[in-house]
1. Looking for whichever is at pLDDT below 95, out of contact with any strand residue (DSSP E or B) (no Cβ under 7 Å at 6 or more places or on another chain) and either within 21 Å of residue 199 (Cα to Cα) or surrounded by fewer than 22 Cβ atoms within 10 Å (Cβ to Cβ) (or both) here; the options are 148, 162. Which one fits?
2. Given the conditions (1) touching a helix residue (DSSP H, G or I) at 6+ places or on another chain (Cβ under 6 Å); (2) closer than 24 Å to residue 154 by Cβ, report the number of the one that residue 92 does not fulfil.
3. Taking residue 133, is it in contact with a strand residue (DSSP E or B) (Cβ under 7 Å, 6 or more places away or on another chain), crowded, with 20+ Cβ neighbours inside 10 Å and closer than 19 Å to residue 56 by Cα?
4. Would you please list the contacts, defined by Cβ atoms under 7 Å and residues six or more apart or on different chains, that run from a residue in region 188-215 that is within 22 Å of residue 72 (Cα to Cα) to a residue that is at pLDDT below 95?
5. Listed residues 45, 32; which is in a loop (DSSP other than H, G, I, E, B), surrounded by fewer than 17 Cβ atoms within 10 Å (Cβ to Cβ) and out of contact with any strand residue (DSSP E or B) (no Cβ under 6 Å at 6 or more places or on another chain)?
6. Residue 139 - would you say it is at pLDDT 95 or above, in a strand (DSSP E or B), farther than 18 Å from residue 94 by Cα and touching a strand residue (DSSP E or B) at 6+ places or on another chain (Cβ under 8 Å)?
7. Inside region 65-100, can you point out the residues that are surrounded by fewer than 19 Cβ atoms within 10 Å (Cβ to Cβ) and in a loop (DSSP other than H, G, I, E, B)?
């Protein structure tokens, strides 16, 4: 999503990403890590208009609202995944508003995610209503104009290290898809028409024509 701001870079970013421009509270901009999980939940309730993440070392990541085109692309991505998930019935899918507490302690919000029903049903009602202690089986990260590609690939590696079986990093500007799977080298697809979720997501094929940025 747009304008991801690591708390450790807050001073350097202050001039280009002002509070007025993105309506980021001063309390968050001036925050020093580590942020505890309890404090993180408090911030999420207090600033529910922002999408927040927490790294495994307690650094807060602030993601202001996406630009219109990025939002449209993300909407289509989630529509396709949800349509397949309803028909398949073997799991539950989530959009970018969901946060998951990974085994390493990070709280991450992929742009799209899917969890096998058996894993989801193992959680308590209370866990499901918060940031459940679970790593999605499948995740998608969509690169925004301000995202660093190297950092996003590192984030995908973090997912794999914490239990994800399949991850897609979609770069709509370069029209590339980076396919991440445990124990395998990253597969780079250049301007693909679609990408298959087989075998983890049997029958799911993400069509990419509406996910590319306009020239």
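The values are calculated or read from the model by the stated rules, or taken from the named source; none is laboratory data. Because the structure is a prediction, the values reported are computed rather than measured. All Cβ positions, glycine included, derive from the backbone under ideal geometry; neighbour counts span all protein chains shown.
1. Answer to the check: 148.
2. In the conditions (1) touching a helix residue (DSSP H, G or I) at 6+ places or on another chain (Cβ under 6 Å); (2) closer than 24 Å to residue 154 by Cβ, residue 92 misses (2) alone.
3. It is false that residue 133 is in contact with a strand residue (DSSP E or B) (Cβ under 7 Å, 6 or more places away or on another chain), crowded, with 20+ Cβ neighbours inside 10 Å and closer than 19 Å to residue 56 by Cα.
4. Taking only residues 6 or more apart or on different chains, the pairs are 211/73; 213/69; 213/173.
5. Just one listed residue meets the conditions, 32.
6. So residue 139 does not fit the description; no.
7. 65, 67, 89, 90, 97, 98, listed by residue number.
Let's see how each residue does on (1) assigned by TED's automatic domain parsing to the domain that holds residue 76; (2) assigned to a strand (DSSP E or B); (3) over 15 Å from the mean Cα position of the chain (by Cα); (4) over 21 Å from residue 98 (Cα atoms):
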{"residue": "119", "(1), (2), (3), (4)": "yes, no, yes, no"}
{"residue": "133", "(1), (2), (3), (4)": "yes, no, yes, no"}
{"residue": "146", "(1), (2), (3), (4)": "yes, no, no, yes"}
{"residue": "159", "(1), (2), (3), (4)": "yes, no, no, no"}
{"residue": "170", "(1), (2), (3), (4)": "yes, yes, no, no"}
{"residue": "188", "(1), (2), (3), (4)": "yes, yes, yes, yes"}
{"residue": "198", "(1), (2), (3), (4)": "yes, no, yes, yes"}
{"residue": "203", "(1), (2), (3), (4)": "yes, no, yes, yes"}
